[in-house]
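The values are calculated or read from the model by the stated rules, or taken from the named source; none is laboratory data. Note that the structure is predicted; figures quoted are calculated from it, not measured. Ideal geometry is used to build each Cβ from the backbone, glycine not excepted, and the neighbour counts take in all protein chains shown. Heads up: the accessible areas ignore ligands, DNA and RNA and are worked out on the full protein's heavy atoms, side chains in. Shrake-Rupley method; radii C 1.70, N 1.55, O 1.52, S 1.80 Å.
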Amino acid sequence: MMAFDPADLPSPLIDQYRKGHCGLLVGAGASVGAGLPNWGDFLKGMLAETKTSVGIGADKVADYESLISQGRYLMAASGLKSDLGSFFAGYIRRVFIEPKPEPTALHEAMLKLEKLQFVVTTNYDSLIERTFRQRDPDVTVCTFKDAGEVRRSLSSRDFFILKAHGDAGRSGDGIILTDQDYRNILFKEPAYQHMLATMFSMYTVVFIGASMTDPELNLMLNYVASTFSPDSGPTHYAVLTKEKINEVEKERWFKDFKIRIVPVSSTDEYQELTQMLLALAAS
């Protein structure tokens, strides 16, 4: 069994965490251990729902299956969300809320990080807020519509959770799933632009359960990178499996987004990830 070596924790990250200058960004991979779908399975389920609820032709089904198999997730998501129409919100609730997924050891390790300023997630499920309510039943939970509350929490140094792409429990408020959704909120919600820029330019962000192929994460990162010069901000860190990332990708993460890779083994990825967070909490 592999184990994360605390010596692999970058000392600048430890320093920023001790000062209370850190936040987590939690991607879709962190919810897979709780039984929730990854991107491919989520879209396959969305396609099945579209066939059942709306009815689409065999040729279009084949087109969607091809897009999903090629990893062209945003394209498939855009079409499926449009085709599902009014059935979309119900599908989101059935996938992310109704199974009542339980927080995992990885989520419990997040809770040990008492010096965090925030947790921001692109996920729609309720795992993170359910975890942190163990510590504070009244923990502040925001979505992309609550930029003012995020600003208040940052200025008063109160811990908060930001569900940057929406909340399955509040699906009537909007779920950010496609390129067009994201362009819409950036155009209509200038406070959201400022909020993201502030978080990434003032705090060291540690990426957990994220990957270069996570389409929603890429939407956010490309926006953040276009808003301010990564050279002028802090270094961020992404915990990724060393077997799945090559040197060119490492270089791009750093040059494009100023994100340094903290490697873990894919043999027992989530255990090592959990150990990494516990090591940071104990540092």
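Quick notes on this structure:
- In the context of the full set of protein chains, region 71-142 has a per residue accessible area of 44 Å² (1.4 Å probe).
- The alpha-carbon atoms of the chain, seen along their principal axes, cover 56, 43, 37 angstrom, with the largest extent given first.
- In region 133-283, lysine pairs closer than 21 Å at Cα, eight or more apart or cross-chain: 9
- Counting only protein heavy atoms and a 1.4 Å probe, region 191-283 has 41 square angstrom of accessible area per residue.
- Taking all protein chains as shown and a probe of 1.4 angstrom, HIS21 keeps an accessible surface of around 60 Å².
- Taking the DSSP beta bridges with both ends in the chain, the antiparallel portion is around 0 percent.
- Charge context of GLY20, other residues only, Cβ under 9 angstrom, K/R +1, D/E -1: +4
- Mean separation of Cα pairs under 8 Å and 6 or more residues apart, divided by the residue count, gives the chain a relative contact order of 27 percent.
- Placing unit charges on the Cβ atoms of the charged side chains and taking the dipole of the chain about its Cα centre, the candidate lying farthest along the positive direction among VAL264, SER66, SER201 is SER201.
- Rolling a 1.4 Å probe across the protein heavy atoms gives region 1-63 an accessible surface of 47 Å² per residue.
- For region 124-283, the relative contact order comes to 15 percent (Cα pairs under 8 Å, sequence separation of at least 6).
- Ranking ARG152, ARG18 by solvent-accessible area of protein heavy atoms (1.4 Å probe, all protein chains present), from largest to smallest, gives ARG18, ARG152.
- The relative contact order of region 192-278, computed from alpha carbon pairs under 8 Å that lie at least 6 residues apart in sequence, is 29 percent.
- When the Gaussian network model of the chain links Cα atoms closer than 10 Å, the mean-square fluctuations of ALA28, ALA77, ALA62 top out at ALA62.
- Rounded Å value of the spacing that divides the Cα centres of region 232-280 and region 29-78: 27 Å
- Accessible area of the chain belonging to carbon and sulfur atoms, whole % at 1.4 Å probe: 50 percent
- Within the listed set THR52, THR213, THR198, the residue fluctuating most in the Gaussian network model of the chain (springs between alpha-carbon atoms under 10 angstrom) is THR52.
- A 1.4 Å probe over all protein chains sorts VAL150, VAL141 by accessible area into VAL141, VAL150, starting with the largest.
- Distant-in-sequence amide H partners of THR143 (H built 1.01 Å from N, under 5 Å): LYS163
- Qualifying lysines (Cα of each under 22 Å from Cα of LYS60; at least 8 residues distant if same chain): LYS44, LYS51, LYS81
- Springs between Cα atoms under 10 Å define the GNM used for the chain, and in it the highest mean-square fluctuation of ALA34, ALA89, ALA58 occurs at ALA58.
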